[in-house]
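Okay, handing you the structure first.
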Amino acid sequence: MITFVGAGPGAEDLITVRGQRLLQDADMVVYAGSLVNPGLLSLCREECQIYNSAVMTLEEVLEVMTAGYREGKKVVRLHTGDPCLYGAIREQMDALEDQGIPYEVCPGVSSFCGAAAALGAEYTLPGISQSVVITRMAGRTPVPEKESIASFAAHQATMVIFLSTGMLKELSRELIRGGYPADTPAAIVYKATWPEEKVLRCTVDTLEETARKEGVTKTALIIAGRILEGGYERSRLYDPSFTTEFRQAVHQEPPAGEEKRAGQKKD
Ligand code: SAH
């Protein structure tokens, strides 16, 4: 069996319990060395064969994994965050299927969750945004034209932008062109959950200068949207006047003035 494992966003103890067990049992690990915390490899047994895919092609990765599988080894393919986002796992899974090799996926904590934790943010605030757009700027990997940053920005929903730290001027331009007012709050989260994590708060207009001042050029997520401000409506789920499947309403009306909160921006 070959298992694709999400390593989590960085901190070594943010891998899942299952992922940890798979690493402890593995005979071979092929890890994405550009972003996976190498400290996780200390979970592996002494005799485990370890390969860094950052210096390998898809063909080479497949060659070592399939050879390992054919020798009866437990193979782990370790990807950063959760492998379902920008993980290039589809092409690996298809190639394994072509060869009749079984595989499984063990999910991980994506960096977009690590970034929310670092920000103390909730991406879905009632009355502000109930959607999260996960996207990227086109780089060497193209983005379909219908998925332009500007077209998503028109919704003014929460946006989490991967793989775009090198293009922040263009990103600001596209966010504003699409419809975000220039003073919409934004954040840059560098290496979320790693010891060297940085949380930089700014506006959609000031992304590039903010990153430049702090020397952030890669391994960051850009978050944009009014969820980074204070205001929102309180949740229905925990509202005393709201009956749910598990709880009977105790009041008919919420206490006056309680449905809106004008909170403070966190620094
Ligand atoms: N599968 C991964 C994403 C891989 S793409 C996940 O679920 O997180 C690589 C990009 O993810 C980086 O360029 C950066 O934009 C983002 N990224 C990965 N780890 C990060 C971290 N700890 N903090 C901030 N951004 C991160």
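Out of curiosity, is Pro185 at pLDDT below 95 and not small (Gly, Ala, Ser)?
Criteria not met by Pro185.
In region 108-127, which residues are among the small types (Gly, Ala, Ser) and part of a helix (DSSP H, G or I)?
Answer for region 108-127, where residues must be among the small types (Gly, Ala, Ser) and part of a helix (DSSP H, G or I): Ser111, Gly114, Ala115, Ala116, Ala117, Ala118.
In addition: Can you find a residue in region 129-140 that is within 22 Å of Gly178 (Cα to Cα), part of a loop (DSSP other than H, G, I, E, B), of a type in the set (Ser, Thr, Tyr) and touching a residue at least 40 places away in the same chain (Cβ under 8 Å)?
Checking region 129-140: not a single residue is within 22 Å of Gly178 (Cα to Cα), part of a loop (DSSP other than H, G, I, E, B), of a type in the set (Ser, Thr, Tyr) and touching a residue at least 40 places away in the same chain (Cβ under 8 Å).
Would you mind finding the one in Glu104, Glu97, Glu122 that is among the charged types (D, E, K, R), in contact with a Phe, Trp or Tyr (Cβ under 9 Å, 6 or more places away or on another chain) and under 30 Å from Arg226 (Cβ atoms)?
The match here is Glu122.
Please find, within region 165-179, the residue that is nearest to Asn37 (Cα to Cα) out of those that are open to solvent by 30 Å² or more (accessible area, probe 1.4 Å) and within 16 Å of the ligand (Cβ to nearest atom).
Filtering first and then ranking leaves Gly166.
(1) at pLDDT 95 or above; (2) of a type outside the set (Phe, Trp, Tyr); (3) open to solvent by 60 Å² or more (accessible area, probe 1.4 Å): which one isn't true of Thr141, the others all being true?
So the condition that Thr141 fails would be (1).
Would you mind stating whether Ser34 is within 22 Å of Glu196 (Cα to Cα), within 12 Å of the ligand (Cβ to nearest atom) and among the small types (Gly, Ala, Ser)?
Against the criterion (within 22 Å of Glu196 (Cα to Cα), within 12 Å of the ligand (Cβ to nearest atom) and among the small types (Gly, Ala, Ser)), Ser34 qualifies.
Out of all the residues in region 144-155, is one or more open to solvent by 30 Å² or more (accessible area, probe 1.4 Å) and either within 17 Å of the chain's Cα centre (by Cα) or within 15 Å of the ligand (Cβ to nearest atom) (or both)?
No, region 144-155 has no match at all.
So, restricting to strands (runs of 3 or more DSSP E) that lie completely within region 10-103, which ones have at least 2 residues that are open to solvent by less than 50 Å² (accessible area, probe 1.4 Å)?
Strands (runs of 3 or more DSSP E) meeting the threshold: 28-31, 75-79.
Among the numbered conditions (1) more than 15 Å from Ala7 (Cα to Cα); (2) within 11 Å of the ligand (Cβ to nearest atom); (3) among the hydroxyl-bearing types (Ser, Thr, Tyr), tell me where Ser129 comes up short.
Ser129 satisfies all of (1) more than 15 Å from Ala7 (Cα to Cα); (2) within 11 Å of the ligand (Cβ to nearest atom); (3) among the hydroxyl-bearing types (Ser, Thr, Tyr) except (2).
Among (1) farther than 17 Å from Ile176 by Cα; (2) surrounded by 15 or more Cβ atoms within 10 Å (Cβ to Cβ); (3) out of contact with any Lys or Arg (no Cβ under 7 Å at 6 or more places or on another chain), which single condition is Asp205 missing?
(1)
Quick check on my filter: what residues within region 180-201 are open to solvent by less than 30 Å² (accessible area, probe 1.4 Å), in a loop (DSSP other than H, G, I, E, B) and without any contact (Cβ under 8 Å) to a residue 60 or more places away in the chain?
Tyr180, Thr184
Pairs, please: C-beta under 8 Å, at least 6 apart or cross-chain, first residue away from the ligand (no atom under 16 Å from the Cβ) and in region 202-227, second assigned to a helix (DSSP H, G or I)?
Close Cβ pairs satisfying both conditions: Val204/Ser172; Val204/Leu175; Val204/Ile176; Asp205/Ser172; Asp205/Ile176; Thr206/Ser172.
Scan region 213-232 for residues that are modelled with pLDDT under 85 and open to solvent by 50 Å² or more (accessible area, probe 1.4 Å) and jot them down.
The one that is modelled with pLDDT under 85 and open to solvent by 50 Å² or more (accessible area, probe 1.4 Å): Tyr232.
The values are calculated or read from the model by the stated rules, or taken from the named source; none is laboratory data. Note that the structure is a prediction, hence the values are computed from the model and not measured. Cβ: placed from backbone, ideal geometry, glycine included. Neighbour counts: every protein chain shown. Accessible surface areas use protein heavy atoms only, side chains included; no ligands, DNA or RNA. Shrake-Rupley method; radii C 1.70, N 1.55, O 1.52, S 1.80 Å.
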